[in-house]
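First the structure, in the form of structure tokens, and then the observations on it.
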Amino acid sequence: MAGKQTATNLTCSDIADYFLSLTDEEAGDSISNLKLQKLVYYAQGFSLALHGRPLFPEVIEAWAHGPVVPELYQAYKAYGCMGIEKPKDIDFDKYSDEVKELLNEVWNVYGQYSAWRLRALAHEEPPWQAAYNSGTSVISHKELIEYFKTQVEE
């Protein structure tokens with residue numbers, strides 16, 4: 001099953017916690033549910049393209065506002081469009097150096113953008129378009145690999 005393919009036995013919540021831990025609340029940084037969904041999507045796509053395996057087993061679906069991991073959406077929907085609190089206790093030892101490097105790179109490239117800019121970017125990309133327009137809703141690993149390999153090569 002998909003869970004056995006993951007490099008680190010991490011969940012989508014672990015990936016979300018890592019991104020949330022990078023915010024500097026004193027500087028006014030925050031991550032909304034919408035933005036978090038896109039960061040997790042980009043992390044999964046680049047993991048598949050660069051390392052040939054997913055970061056987490058949960059599926060990503062194509063929703064009206066872009067790629068969404070339903071479990072994460074449910075976990076953070078109470079925040080609405082507000083910033084999500086940083087996790088209090090995060091065990092960074094559970095992340096391999098390879099995973100940390102990947103997540104930091106995704107953060108450095110995409111973390112600077114607003115939720116709505118990330119939504120617009122994802123809407124321009126074939127993985128979301130294919131799943132959304134076909135009505136299948138699930139964004140396949142195959143679609144992610146094909147698209148994100150083109151992004152790595154550029």
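Here are some notes:
- In region 60-79, the residues that are farther than 18 Å from Ser140 by Cβ reach residues that are polar (S, T, N, Q) with C-beta atoms within less than 6 angstrom, at least six apart or across chains, in these pairs: Tyr76/Asn33; Tyr79/Asn33.
- Against the conditions (1) of a type outside the set (Lys, Arg); (2) touching a Pro at 6+ places or on another chain (Cβ under 6 Å); (3) within 22 Å of Glu143 (Cα to Cα), Leu55 satisfies every one except (2).
- For Tyr110, the test of being within 15 Å of the chain's Cα centre (by Cα), in contact (Cβ under 8 Å) with a residue 60 or more places away in the chain and surrounded by 14 or more Cβ atoms within 10 Å (Cβ to Cβ) is passed.
- Test: residue in region 66-81 that is more than 15 Å from the chain's Cα centre (by Cα) and of a type in the set (Lys, Arg): yes
- Of all residues in region 51-104, those satisfying the criterion of being loosely packed, with under 15 Cβ neighbours inside 10 Å and aliphatic (A, V, I, L, M) are Ala64, Ala78, Met82, Ile90.
- Of all the residues in region 116-134, those that are surrounded by fewer than 19 Cβ atoms within 10 Å (Cβ to Cβ) and either farther than 24 Å from Ala64 by Cβ or of a type in the set (A, V, I, L, M, F, W, C) (or both) number 4.
- Of all residues in region 1-30, those that are aliphatic (A, V, I, L, M), more than 16 Å from Gly45 (Cα to Cα) and modelled with pLDDT of 90 or more total 2.
- Residue that is of a type in the set (Gly, Ala, Ser) and farther than 29 Å from Asp29 by Cα, where the choices are Ser140, Ser114: Ser140
- All conditions but one from (1) crowded, with 20+ Cβ neighbours inside 10 Å; (2) touching a residue at least 40 places away in the same chain (Cβ under 8 Å); (3) under 21 Å from Val152 (Cα atoms) apply to Val40; the one that does not is (2).
- Subset of region 34-52 that is of a type in the set (Gly, Ala, Ser) and assigned to a helix (DSSP H, G or I) - its residue that is nearest to His141 (Cα to Cα): Gly45
- Qualifying residue in region 123-135 (condition: over 13 Å from the mean Cα position of the chain (by Cα), in a helix (DSSP H, G or I) and of a type in the set (Asp, Glu)): no
- From Ala43, Ala62, residue being touching a helix residue (DSSP H, G or I) at 6+ places or on another chain (Cβ under 9 Å), of a type in the set (A, V, I, L, M) and farther than 25 Å from Asp29 by Cβ: Ala62
The values are calculated or read from the model by the stated rules, or taken from the named source; none is laboratory data. Being a predicted model, the structure only gives us computed values, none of them experimental. So basically every Cβ, Gly included, is an ideal-geometry build from the backbone, and we count neighbours across all protein chains shown.
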